[in-house]
Amino acid sequence: MRTTLSENLRSAAKLVARSMAAGADIYVAGAPSIGLADVHLVGREAAERALRDQVRPGDTIIVCGDFGSRPATRDRVLRRAPAWGVGAVWLGRGNPPEAGLALCIPTDDPSAALSDLIRGARELSADEATMAPSSVDCTDEVCVTCSDEGRLGEVIALSGGPYLPAVVRTADGVEEVDVMLVGDIAIGDLVLVHAGGAIARIVEPPVEENQ
């Protein structure tokens, strides 16, 4: 039986379905333990570390709720999705993530919405027309879709000197990046990478205590 999905739930299901169709993994963080085959459950207490270690480009993460009244911790996870090369979906009631961090699905019943999302994604992943790659026509002299205006990266190692590059993880892989323009940085910081250099550091709200 085909699952009936709302418009925003269908958009999220298509994102998840593309990961499924490509053989990538789906990770769910902050959800109650429910029986969903082929989905990796991640506890909210150490979600950032667990996801950083496990996800690969092409995967999708689904974050549920606000991590026990710790939305800054939740948003920190979602903010890193582009650097990890993964898609991001949020399910929950009230207090949504910062704009642009994820496909958001407000719901009074996150568990039911999660089940509908995964079931709908499985159906869509078998639909060749839905899974066909989309194309973008570049008609402008400078195409904002194709131009290298900056990629989000997460600092994963420091070289030990003020004039030495840092090791940064982006959706394209791990690379050495010149960080002279951004000043002091630390492992875990997010930077905007362009032409082999970090051109800005992303300032994040402080995370809550007792993570």
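Would you tally the residues in the stretch 163-173 being open to solvent by 60 Å² or more (accessible area, probe 1.4 Å) and under 28 Å from ASP59 (Cβ atoms)?
In the first step, residues of the stretch 163-173 are kept if they are open to solvent by 60 Å² or more (accessible area, probe 1.4 Å); the result is 163-164, 172.
If we keep only those that are under 28 Å from ASP59 (Cβ atoms) too, we end up with 172.
Looking only at that region, the number is 1.
Does GLY160 satisfy being closer than 27 Å to ASP59 by Cβ and exposed (fewer than 15 other Cβ atoms within 10 Å of the Cβ)? In short, no.
With respect to ASP66, determine if the residue is acidic (Asp, Glu), over 21 Å from LEU190 (Cα atoms), open to solvent by less than 50 Å² (accessible area, probe 1.4 Å) and in contact with a Lys or Arg (Cβ under 8 Å, 6 or more places away or on another chain). It is true that ASP66 is acidic (Asp, Glu), over 21 Å from LEU190 (Cα atoms), open to solvent by less than 50 Å² (accessible area, probe 1.4 Å) and in contact with a Lys or Arg (Cβ under 8 Å, 6 or more places away or on another chain).
Anything in the stretch 172-211 that is modelled with pLDDT under 90, of a type outside the set (A, V, I, L, M) and at negative phi? List them, or say none. Selection gives ASP184, PRO205, PRO206, GLU208, GLU209, GLN211.
Pairing each residue of the stretch 38-66 that is on the phi > 0 side of the Ramachandran plot with any residue that is at pLDDT 90 or above and open to solvent by 40 Å² or more (accessible area, probe 1.4 Å), provided the two are 6+ apart or on different chains, yields C-beta distances under 6 Å for GLY58/ALA22.
Across the stretch 121-156, what is the total count of residues that are modelled with pLDDT of 95 or more and either of a type in the set (A, V, I, L, M) or in a loop (DSSP other than H, G, I, E, B) (or both)? Break it down into steps so the answer makes sense when it comes.
First, the residues of the stretch 121-156 that are modelled with pLDDT of 95 or more: 152-156.
So of that shortlist, the ones also either of a type in the set (A, V, I, L, M) or in a loop (DSSP other than H, G, I, E, B) (or both) come out as 152, 155-156.
Residues flagged as modelled with pLDDT of 95 or more and either of a type in the set (A, V, I, L, M) or in a loop (DSSP other than H, G, I, E, B) (or both) within the stretch 121-156 amount to 3.
Of the listed requirements (1) among the small types (Gly, Ala, Ser); (2) farther than 19 Å from GLY153 by Cα; (3) touching a helix residue (DSSP H, G or I) at 6+ places or on another chain (Cβ under 8 Å), SER6 misses just one: (3). The set of residues in the stretch 98-120 that are at pLDDT 95 or above and surrounded by 22 or more Cβ atoms within 10 Å (Cβ to Cβ) contains only ALA102.
Considering the stretch 84-103 alone, what residues qualify as being of a type in the set (A, V, I, L, M, F, W, C) and closer than 20 Å to HIS40 by Cα?
Applying the first criterion (of a type in the set (A, V, I, L, M, F, W, C)) to the stretch 84-103 yields 84, 86, 88-91, 99, 101-103.
The answer is TRP84, VAL86, ALA88, VAL89, TRP90, LEU91, ALA102, LEU103.
Considering each of ARG56, ARG74, ARG49 in turn, give the residue that is part of a helix (DSSP H, G or I) and either touching a helix residue (DSSP H, G or I) at 6+ places or on another chain (Cβ under 6 Å) or over 16 Å from VAL89 (Cβ atoms) (or both).
Working: ARG56 fails: part of a helix (DSSP H, G or I); ARG74 fails: either touching a helix residue (DSSP H, G or I) at 6+ places or on another chain (Cβ under 6 Å) or over 16 Å from VAL89 (Cβ atoms) (or both).
Just a single option satisfies the conditions, and that option is ARG49.
Tallying residues that are open to solvent by 40 Å² or more (accessible area, probe 1.4 Å) and more than 29 Å from GLU45 (Cα to Cα) within the stretch 197-211 yields 1.
Selection of the stretch 36-51 for residues being loosely packed, with under 13 Cβ neighbours inside 10 Å and under 13 Å from ASP25 (Cβ atoms) yields ALA37, ASP38.
Can we say VAL42 is over 23 Å from ARG151 (Cα atoms) and touching a strand residue (DSSP E or B) at 6+ places or on another chain (Cβ under 8 Å)? It would help to see each step written out before you state the result.
Working: over 23 Å from ARG151 (Cα atoms): yes; touching a strand residue (DSSP E or B) at 6+ places or on another chain (Cβ under 8 Å): yes.
Considered against the rule, which asks whether it is over 23 Å from ARG151 (Cα atoms) and touching a strand residue (DSSP E or B) at 6+ places or on another chain (Cβ under 8 Å), VAL42 comes out as yes.
The values are calculated or read from the model by the stated rules, or taken from the named source; none is laboratory data. Please read all numbers here as calculations on a predicted model, not as lab measurements. Note: ideal-geometry Cβ built from the backbone for every residue, glycine included; neighbour counts use all protein chains shown. For accessibility, only protein heavy atoms count, side chains too; no ligands or nucleic acids. Shrake-Rupley method; radii C 1.70, N 1.55, O 1.52, S 1.80 Å.
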